[in-house]
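What follows draws every value from the coordinates through simple rules; no lab data is involved. Just so it is clear, the structure is predicted and the values come from calculations on it, not from any experiment. So basically every Cβ, Gly included, is an ideal-geometry build from the backbone, and we count neighbours across all protein chains shown.
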Amino acid sequence: MKKAIFLLPLFLLANEWFITNKEYGKMLYNNPRGISCAKCHGKKATGKIIAKYKKNKKTIYIKAPNIQNITYEKLKKRLLNYNKLSIMPKYSYLTKQEIEALFLYIKSQRSKK
Ligand code: HEC
């Protein structure tokens, strides 16, 4: 009985942490100590056309993909392994906690349009 009373505040604290961590993820998504993910992948991670240009009378689109359904492993891998050939900037300075928070936010955007 004593134990249950003791655990309750911890439970509330954990819950609160979860909410604030998602908020933290949202903040990071928009301002990841670098160029905003939202600028290319869109506010709700649905992906976006970043630029277009004409080549031999054909319009070429440069797109950032929809990442709403990305797995944590893929997200982590993509952020930590910078690809020189990609338009996507370098984010390998992000910490594990920051990537987790980003993942929580991206996941929360699933099925949003
Ligand atoms: C300047 C534009 C730009 C910015 C800013 C950007 N990305 Fe990207 N991102 C891209 C492009 C283009 C691709 C597709 C090519 C590639 O994988 O490099 C991509 C690919 C990805 C992928 C891999 C998707 C897949 O299906 O494998 C993930 C995950 C991702 N971005 C997450 C992020 C996150 C999180 C941020 C912010 C921390 C971010 N990106 C910022 C342009 C951008």
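So here's what we get for this one:
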item	result
Lys48 long-range amide H proximity, modeled H, under 5 Å	Ala64
Hz values of 3J(HN,Hα) by residue in segment 21-33 - Karplus curve (6.51, -1.76, 1.60), Gly and Pro given as x	5, 5, 4, 4, x, 4, 4, 5, 4, 8, 8, x, 6
Given charges at beta-carbon only (K, R positive; D, E negative), |dipole| of segment 18-108 in Debye	680
Packing rank of 54-62, 102-110, where each peptide gets the mean count of other beta carbons within 10 Å, highest leading	102-110, 54-62
Above-threshold pairs, the threshold being 28 Å between Cα atoms, out of Lys26/Lys57; Lys22/Lys52; Lys77/Lys113; Lys55/Lys77; Lys26/Lys77	Lys26/Lys57; Lys22/Lys52; Lys55/Lys77
Length-normalised contact order for segment 65-113 - Cα pairs under 8 Å, 6+ apart - percent	47
Contact order relative to length of segment 18-108, as percent, for alpha carbon pairs under 8 angstrom and 6 or more apart	34
Hull shadow area, averaged, segment 18-108 [alpha-carbon convex hull, nm²]	6.1
Nitroxide proxy distance, nm - points 7 Å out along Cα→Cβ at Ile60 and Asn21	4.2
